[in-house]
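The structure under discussion appears below in the form of structure tokens.
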Amino acid sequence: MANIDDFLQQMRDCDIALADATPNSVAMSTRIRLARNLDGYRFPPYLTEGEEMEVENAIAHTLLDFDSSLTYFSLADIPLLARQVLVEKHLISPQFLQQQQGALIVSADEKTSVMVNEEDHLRIQCLAPGLQLKETYERAFALDRKIEQEHNYMYHQQYGYLTSCPTNLGTGLRASVMLHLPALTMTNRINVIIQAMLRLGMVVRGIYGEGSTSLGNIYQISNQETLGKSEQQILTDLQQQVEQIIEYELRARKALMQQSAVLLEDQIQRALGTLRYARVMTSEEAAKSLSSVRLGIDLGIIQDVPIKAVNDCISCMQPGFLQYYKNETLQTQERDIARAKLIRDLLTNV
Amino acid sequence: MLCERCEQRQAVITVSKNTNGEQEVHHYCEKCAPNFYPFTNELPKEPISIQQLLANWQAPKNVRKEQLRCTGCGYTYAHFRKTGRFGCAKCYDTFIDQMPKILQPIQADLQHVGAMPTAVENKKTIKKQITELRDQMQLAITQEAFEEAATLRDNIRELETRLKGGETDGEY
Ligand SMILES: [Zn+2]
Ligand SMILES: [Zn+2]
């Protein structure tokens, strides 16, 4: 039986979610999720304990045989703090965190993770740095086909793959791209873009904040519709919208540089100063400053900080992460102190 | 105007009824109307009792819908409305009348396109092959190429057996 603590340590060593700089630094990562259910069982919340185990065992058996990089964890064996880290890494959902039953099958590089018995029997998730919708989908699809060789899925002539909630029906595909959009946010253009995306059947969410307000100017854009469009169509549409937004962001950056280079540079260098020297830092301030520094690196204003260090900070500054690696529950101010120290260390030992 | 019962199809039938001198008017679609009055000859021969008719009149339309119960999991439509989740695969057929209303605001279309399980895909391919072979067989017969027609017929039978086999024992 694998130990979740060892595993999270291992994960920390090969954190790819927000890994090395990609050619396009606006698109931070790509995520593909497929929702599937096994025929002959009710949806997860309505399974008996025995049925839950049957489903878990069946899926674990198939997946572990197929891919030796995967490790199986029963949710019951994952302590709350570790679960919170997994939520912050987007490997499990906040809803899954609260469940008694279920399992997580995951690779240490975080590229593949499968939630078993969350809202659906299977939530297959593949992750990649940068913008790689097609490639990432192919990986998820390969896993899907492997499971399908050994188990019958719920499938309906009209509605396609059946899911517990009708918002996931049909393809069961949710494709998302995480975008860093500081210039669009600074110039107040982001709200117009979010509205336009909604009309095009896309969903835009801030990553750390609630709703559309985003800490750290990081947004996730994903498809809303899963039924009535083929996988290829869903991916192509999303790709197009994402490319468009990236284009807008790059143009906004150029305009900012032309109109107010000194002000922009001032803001960026101050942010770096704050991160390097502050002793107490809220997650809000950290997210904001890290976003500025990231932008500074992209624009060539900051040259002595590798983007990897910034990305590490982004994934380590969240409350679950901080407490997990300090191995204790921290009060808000203690967390702010620990956060400041961690970021200081990450940005000075580079 | 939409049908009062299902609230989905166009109302094409107007039913009026006199109760204590007051005129009640209702509008139903073709599908729902027979539940209220013997309009079509699809209905059972024995006359609907007045009690039954009254029961139908009085049942508020929503209660009927909410009380629809899935035989697969035992959950009602009211349960779905409360949780936003279905209980099992059969729910999608049980509540099929409600599906357009649920799906239209959130989905691109009501018909799935895209990937399907290999088994379903294979079946589709076999069905298509059978149709093609039947056409070829017809052609062979009109051209009096009976030996060829016989071979084609054997091929069709073989494909049909494969199709049936898949349905009965789950092996494809
Ligand atoms: Zn009707
Ligand atoms: Zn059901």
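All but one of (1) of a type in the set (S, T, Y); (2) assigned to a helix (DSSP H, G or I); (3) out of contact with any strand residue (DSSP E or B) (no Cβ under 7 Å at 6 or more places or on another chain) hold for B:T71, so report the exception by its number. B:T71 satisfies all of (1) of a type in the set (S, T, Y); (2) assigned to a helix (DSSP H, G or I); (3) out of contact with any strand residue (DSSP E or B) (no Cβ under 7 Å at 6 or more places or on another chain) except (2). Here A:N168 does not fit the description of being more than 8 Å from chain B (Cβ to nearest Cβ), surrounded by 22 or more Cβ atoms within 10 Å (Cβ to Cβ), touching a Gly at 6+ places or on another chain (Cβ under 8 Å) and over 28 Å from A:I297 (Cα atoms).
Checking B:E66, B:E30, B:E24 one by one, the residue that is at pLDDT below 75 and within 16 Å of ligand 2 (Cβ to nearest atom) is B:E66 and no other.
Is there a residue being over 24 Å from A:G300 (Cβ atoms), assigned by TED's automatic domain parsing to the domain that holds A:S315 and not in a helix (DSSP H, G or I) anywhere in the range A:225-236? Within the range A:225-236, none of the residues are over 24 Å from A:G300 (Cβ atoms), assigned by TED's automatic domain parsing to the domain that holds A:S315 and not in a helix (DSSP H, G or I). Here is the figure for the range B:110-152: residues that are among the small types (G, A, S), more than 14 Å from chain A (Cβ to nearest Cβ) and part of a helix (DSSP H, G or I) total 3.
Failed condition for B:H79, given (1) within 11 Å of chain A (Cβ to nearest Cβ); (2) within 13 Å of ligand 2 (Cβ to nearest atom); (3) modelled with pLDDT of 90 or more, with all others met? Tallying (1) within 11 Å of chain A (Cβ to nearest Cβ); (2) within 13 Å of ligand 2 (Cβ to nearest atom); (3) modelled with pLDDT of 90 or more, B:H79 fails exactly one: (3).
Is it the case that A:I193 is of a type in the set (V, I, T), touching a residue at least 24 places away in the same chain (Cβ under 8 Å), more than 14 Å from chain B (Cβ to nearest Cβ) and surrounded by 23 or more Cβ atoms within 10 Å (Cβ to Cβ)? It is false that A:I193 is of a type in the set (V, I, T), touching a residue at least 24 places away in the same chain (Cβ under 8 Å), more than 14 Å from chain B (Cβ to nearest Cβ) and surrounded by 23 or more Cβ atoms within 10 Å (Cβ to Cβ). The single condition among (1) free of Cβ contacts under 8 Å to residues at least 12 places away in the same chain; (2) closer than 23 Å to A:F43 by Cα that B:R69 does not satisfy is (1).
Residue pairs whose Cβ atoms lie under 7 Å apart, sitting 6 or more positions apart in sequence or on different chains, and linking a residue in the range A:278-296 that is farther than 15 Å from A:Q267 by Cβ to a partner that is crowded, with 23+ Cβ neighbours inside 10 Å and at pLDDT below 95, are A:M281/A:R339; A:M281/A:I343; A:S283/A:M317; A:S283/A:R339; A:A286/A:M317; A:A286/A:R339; A:A286/A:I343. The single condition among (1) surrounded by 19 or more Cβ atoms within 10 Å (Cβ to Cβ); (2) away from every other protein chain (no Cβ under 14 Å); (3) farther than 16 Å from A:T185 by Cβ that A:D298 does not satisfy is (3). Select from the range A:216-245 the residues that are more than 14 Å from chain B (Cβ to nearest Cβ) and crowded, with 19+ Cβ neighbours inside 10 Å and write down the one among them that is nearest to A:Y161 (Cα to Cα). Among those that are more than 14 Å from chain B (Cβ to nearest Cβ) and crowded, with 19+ Cβ neighbours inside 10 Å, it is A:I221. Within the range A:84-99, identify whether any single residue is of a type in the set (S, T, Y), over 16 Å from A:K146 (Cβ atoms) and surrounded by 14 or more Cβ atoms within 10 Å (Cβ to Cβ), and answer yes or no. Within the range A:84-99, one or more residues are of a type in the set (S, T, Y), over 16 Å from A:K146 (Cβ atoms) and surrounded by 14 or more Cβ atoms within 10 Å (Cβ to Cβ).
The values are calculated or read from the model by the stated rules, or taken from the named source; none is laboratory data. If you're wondering where the values come from, they're calculated on a predicted model, not measured in any experiment. Counting neighbours? That spans all protein chains shown, and the Cβs are built from the backbone with ideal geometry, glycine included.
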